[in-house]
Every structure is written in C-alpha cells, then in structure tokens.
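The next block holds one structure in the form of structure tokens; read it before the comments.
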Amino acid sequence: GFGAGKAAGARAAAAQPAQTAAPAADVPHQAQAQAPATPVTTGPGGGQSSWAQQVHRLAVTPDEQPAVPWKPPVEDIFQAAARRQAAARPAGFGKRLTARLVDTVVVAAVTSAAAVPLGAQALDHIRQKIDEARLSGRTVTVWLLDGTTSAYLAAVLGVLLLFGVLYEALPTARWGRTLGKKLLGLDVRDIEAHEPPSFGAALRRWLVYSVPGLLCVGLVGVLWCLFDKPWRQCWHDKAAHTFVAG
C-alpha cells in the first residue's frame, strides 16, 4: 500500500509542471493576436496614414460633407456711398468756372430766344416815338424807358428767372447738379448733411447768384470762393449754406 501511494504522488508531481507550462506557451499566441492590423501605407513608416490621407480627413466634416470655402464679407453699398459722400471736398475754381460757363450759355440761349422778338418790338416802339417827335416840329424829350419798353424788359427778366428756376433750382434740389456740373463731375451739397439742398435753399442760391449778376456785381460774389476757407463758398453758397464738391 505504501508503494502504491508513492507511485501516485510521483505521477501527480510529473503532471503539474506540464500544466503550468501550457499557459506560458500561449502567451506568444495572445501577443500575436493583439498586433495592429495591416498598415495603411507600405514601406518605411508603415502603419501610419499618408500625408494626403491626413489632409483629406481634415478637409472633410464629420458628416462626410466637403468644407465650404471662406468668403470675405461683402461691403454694404449704402455705407460705402455714405462714406464717399462724407469724404467729398470742395471743387477747384477752374472746374467750377467751366461748369458755370456751360450753364450760362444754356440759360443765355433760352433767354435770347425770348428776348430777340421782345427786343425787336421795343425798338420799333422807340423808333415810332422818335419819328412822331420829328414830325411834330418841336423839341420833345423821348424817354427810352416807358410803360411799353418796361413791359418788354420785365418779360425778358421773367423768362430769365423762370428758366433759371427750372434749370438751376429744381435740378440742384433733386440731384445736386446742373448740366454743366454733371459734365464736370461736380455736386452742390449741404455743408452739414452733405446731401443735395432743399428746394428753398437751391432757389435762394440761384437768386443770390442771378440778381447781383444782373446788377453787375455778381463777379465779386463768384470770385469770393478764391479767398473763402475752408469750403470755398461764393456768395450764393453762403446764402444757401452749401458748397460745391468735386
């Protein structure tokens, strides 16, 4: 009985090392199962994404939609126009004088179209008075300016002022410019608002320019802008609180 027990203990001792050696044999197998999958790129550096693949991942949003390219904001056209308008500076005397000459030619042409027939009738009236004085045989004073000739002169002045309102005041109040100023790129603007003046201011501007011009002192008011600072205003600009930008 003792010999049989000793033989069974020997067999148990021989079986225990074999069982402990089996897990050790399995360790390399587990390490081999945890190895990374097939590399994305081959050759040196295998197992890492290529530069092109990394850029592609950065350019694609999580929902696989291409990224929208950035566009600079578009400037508000109204704000840009307001800035340009506020940055306007008084125009030079040469451009203003050229624009005024163009406007004067237009106004003079229309006024002459009405003044020629009226002036011819006034001359006929004066000649008739002179002929009557000669036929009377007496020394008679013949007045060139009487009721008839005054009416003709008033009609010519009325045409001048009326057309001036239509040609100067209305376009200035609506667009800030006349034909001459448009050709030269000039604008009449209010000093504070930098916008075209109101009709009342535009009408006042035209009257202050035209009436002294008829009295032969308007040239002084026009040349006043050469010495005025900082807006280079003429007399009619000061009366209307405007300046000419260009």
Among (1) in a loop (DSSP other than H, G, I, E, B); (2) in contact (Cβ under 8 Å) with a residue 60 or more places away in the chain, the one test that residue 225 misses: (1)
Looking at the range 165-173, can you tell me whether even one residue there is at pLDDT 90 or above and either in contact with a strand residue (DSSP E or B) (Cβ under 8 Å, 6 or more places away or on another chain) or at positive phi (or both)? yes
So which residues in the range 196-212 are farther than 14 Å from residue 170 by Cβ and open to solvent by less than 40 Å² (accessible area, probe 1.4 Å), if there are any at all? 210, 212
Identify, please: which residue in the range 232-246 is modelled with pLDDT of 90 or more and assigned to a loop (DSSP other than H, G, I, E, B) and is, among those, surrounded by the fewest Cβ atoms within 10 Å (Cβ to Cβ)? 241
Selection within the range 176-192 - open to solvent by 60 Å² or more (accessible area, probe 1.4 Å) and either farther than 23 Å from residue 109 by Cα or over 26 Å from the mean Cα position of the chain (by Cα) (or both): 192
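The values are calculated or read from the model by the stated rules, or taken from the named source; none is laboratory data. Predicted, not measured: the structure shown is a model, and the values here were computed from it. Cβ atoms come from the backbone with ideal geometry, glycine included; neighbour counts cover every protein chain shown. With ligands, DNA and RNA removed, areas are computed over all heavy atoms of the protein, side chains included. Shrake-Rupley method; radii C 1.70, N 1.55, O 1.52, S 1.80 Å.
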